[in-house]
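In what follows, a structure is listed as structure tokens, so that the remarks can point back to it.
The values are calculated or read from the model by the stated rules, or taken from the named source; none is laboratory data. All values derive from a computational prediction rather than experimental measurement. Glycine gets a Cβ as well: all are built from the backbone with ideal geometry, and neighbour counts include every protein chain shown.
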Amino acid sequence: MPTPSSQDSFLDTNLAAAFPILQQKIYQKSLIYLDNAATTQKPIQVIQALQQYYEQYNANIHRAAHTLSSIATRNVEDTRAMIQQWINAATTEEIIFTQGTTAAINLVAQTYAKQQLNAGDEILISLLEHHANIVPWQMLAQEKGVVLKVIPVKTDGTLDMDAFDQLLTAKTKMVALVHISSTLGIINPIEQIIQKAHARHAVVLIDGAQSIAHMPIDVQQWDVDFFVFSAHKAYGPTGLGILYGKKQYLEMMPPYQGGGGMVAHVTTHQSKYQPLPYKLEAGTPPIASICAFQEAIRFIQTIGYTKIQKIEHALLVYAQELLQKIPAITLYGTTDVKKKIGIIALNVQGMHHLDVGLLLDARGIAVRTGLLCTQPLIDYWQVDGMVRISLAVYNTFQDIAITVQALKNIIQKHGT
Amino acid sequence: MAHDIALTDILQRRQKIMDAFQFLGEDQQAKLEYLMDLGEALPSLTAAQRSEENKISGCMSKVWLVHREEKGVLILAGDSNTVITKGLLSLLIQLYTHQKPKIIIDHDFSWLQTIGLYQIIGAQRANGFAHMINRCKMVALRYYKQKV
């Protein structure tokens, strides 16, 4: 199988070298990690930053008078400022640390939406959503009598924009939409959607879990009201999510969890809350993860989104071309590389996705199989699961070539 | 005496499985292929047999087990929608079919650790496999109680 040769210098970079975990063998085979939509691996800088935190300045933040606490506090606030600039938020007060994307969506649902929406108001989601952007709204619907409406997809998996136009009415108070589908890699036209939603005075939350590592984010240019993502899907540590919210909306949000760090003055019967962002950050946050996330952001910024997109695009084109040549493989959703990022959902004819996943694992290749936390979308194709290949910037043409060859071998032995 | 013969029989069957895995050694891929071969060789159940009642819950894939008693021994058959799981089920059936209920109830499965089965199938499937073993033992117990 030929590997594309190119004059482009980007093909020469060996980014995987910075990732210790990628150097190991699984069942005596070199690990090929293609489950990046679930979580990306961490470069050595991030791992070292975690260790450095525990070795040199582990302390609780915003509280103590001692030196270690002020170093930790400054580092946490530095990360906040970095994220603000990274996604182009107007102020650092608009960056809230959460446990993850899921926690960020739940926070908005349980505070902003719970307070501002009334029975009969409508929330629009889409069929492409991850369960994390379905269930919190279902819970709210049950609790408040809010109505959940779902934007369907077309047969190629892209959002049905005509249906969106129909569903968006004066009753729509909130649109909660995934930016990039975690199952199909399809990029939704969020700028257009935000514009249309705002024309109807609906507030828009965008789930950016799959976009943050793969394309530049500009919350002000998009005029998005809430934007959420997780650090661990962008080369950062686990346990940390980011909620961006426009200040006007975050200020409307009542505190969700009470505790230390979010209060200015407490008597046994009443408390005065801290201003943003602290009022929404009760308790000790994952300080080590927040500090180390700086290195992940630096990793992305050093390569640059332009190069990241170029590399991942080339890998996607290569992978899809090879996979489309295999008759026994069904690819789901559009293969138009202008409309998607490096996520490929597939099935092998006559084989169960779990079997394919285990057979790939035995060859050192890590993919995701099953419902992929997007059961409504999987149901749409009337299958009981899929195999998902998802790329990151450290993947190589060789990774793709080996994986496709492995799939061919598996099909030859076990396919029908 | 009959009991001793049955015991010898299940130990022999166990040894056969252990030998097969020993032969495959450290080759993960070969072990999976072997399980798939077993799965592919196991006759499928009819659509009617793949009922909700016969389904074993707690598995990642769909698994069904049917059973009947004939002359004091239990006769088992099963099916799954994934081939590797069907292979695992096939191992269980190899061991347990045409055995007396008491033999099935008493059989200790800790030897599975020694063939590295759990590394091959992963933690989630190991959990599902435990559910399959459990179902076999519960079925055996039901027949055993009817006799006593």
Counting just the residues of segment A:111-126 that are part of a helix (DSSP H, G or I) and under 22 Å from the mean Cα position of the chain (by Cα), which one comes out surrounded by the fewest Cβ atoms within 10 Å (Cβ to Cβ)?
-> A:111
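Condition check ((1) free of Cβ contacts under 8 Å to residues at least 60 places away in the same chain; (2) over 17 Å from residue A:83 (Cβ atoms)) across all residues:
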{"site": "A:206", "(1), (2)": "yes, no"}
{"site": "A:210", "(1), (2)": "no, yes"}
{"site": "A:230", "(1), (2)": "no, no"}
{"site": "A:269", "(1), (2)": "yes, yes"}
Across segment B:81-91, the tally of residues that are in a loop (DSSP other than H, G, I, E, B) and crowded, with 21+ Cβ neighbours inside 10 Å stands at 1
Selection from segment B:23-69 of residues surrounded by 12 or more Cβ atoms within 10 Å (Cβ to Cβ), among the polar types (S, T, N, Q) and more than 10 Å from chain A (Cβ to nearest Cβ) yields B:44, B:49, B:51, B:54
Within segment A:378-385, is there a residue that is within 11 Å of chain B (Cβ to nearest Cβ) and closer than 29 Å to residue A:236 by Cα?
-> yes
Residue check: is residue B:7 away from chain A (no Cβ under 14 Å), in contact with a helix residue (DSSP H, G or I) (Cβ under 7 Å, 6 or more places away or on another chain) and surrounded by fewer than 18 Cβ atoms within 10 Å (Cβ to Cβ)?
-> yes
What residue, of A:245, A:260, is surrounded by 20 or more Cβ atoms within 10 Å (Cβ to Cβ) and farther than 29 Å from residue A:388 by Cα?
-> A:245
Output yes when any residue across segment A:48-66 is within 22 Å of the chain's Cα centre (by Cα) and β-branched (Val, Ile, Thr), and no when none is.
-> no
Those strands (runs of 3 or more DSSP E) lying entirely in segment A:315-377 with at least 2 residues within 14 Å of another protein chain (Cβ to nearest Cβ) and of a type outside the set (Ser, Thr, Tyr) | A:343-348, A:368-370
Unique residue being outside any strand (DSSP E or B), of a type in the set (Asp, Glu) and surrounded by 15 or more Cβ atoms within 10 Å (Cβ to Cβ) when the list is A:129, A:143 = A:129
Among the residues of segment A:370-396, the number that are at pLDDT 95 or above and closer than 20 Å to residue A:26 by Cβ is 9
Some residue of segment B:92-114 being outside any helix (DSSP H, G or I) and buried (at least 21 other Cβ atoms within 10 Å of the Cβ) | yes
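This table checks each residue for (1) free of Cβ contacts under 8 Å to residues at least 24 places away in the same chain; (2) farther than 17 Å from residue A:403 by Cα; (3) in a helix (DSSP H, G or I); (4) in contact with a Phe, Trp or Tyr (Cβ under 9 Å, 6 or more places away or on another chain).
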residue: A:17; (1), (2), (3), (4): yes, yes, yes, yes
residue: A:22; (1), (2), (3), (4): no, no, yes, yes
residue: A:42; (1), (2), (3), (4): no, yes, no, yes
residue: A:48; (1), (2), (3), (4): no, yes, yes, no
Residue among A:327, A:285 that is assigned by TED's automatic domain parsing to the domain that holds residue A:184 and surrounded by fewer than 21 Cβ atoms within 10 Å (Cβ to Cβ) = A:285
Failed criterion for residue B:145 (all others in (1) surrounded by fewer than 19 Cβ atoms within 10 Å (Cβ to Cβ); (2) in contact with a His (Cβ under 9 Å, 6 or more places away or on another chain); (3) in a helix (DSSP H, G or I); (4) away from chain A (no Cβ under 14 Å) hold) = (2)
Sole residue being of a type in the set (A, V, I, L, M), touching a residue at least 24 places away in the same chain (Cβ under 8 Å) and outside any strand (DSSP E or B), chosen from B:30, B:6 | B:6
Does segment A:342-368 hold any residues that are small (Gly, Ala, Ser), touching a Ser or Thr at 6+ places or on another chain (Cβ under 7 Å) and closer than 22 Å to residue A:316 by Cβ, and which are they?
-> A:342, A:345, A:357, A:364
Which one of these does residue A:400 not meet: (1) under 26 Å from residue A:189 (Cα atoms); (2) of a type outside the set (Phe, Trp, Tyr); (3) at pLDDT 95 or above; (4) buried (at least 24 other Cβ atoms within 10 Å of the Cβ)?
-> (1)
Those residues of segment B:118-135 which are surrounded by 20 or more Cβ atoms within 10 Å (Cβ to Cβ) and either more than 14 Å from the chain's Cα centre (by Cα) or modelled with pLDDT of 80 or more (or both), in sequence order | B:120, B:121, B:128, B:129, B:132, B:135
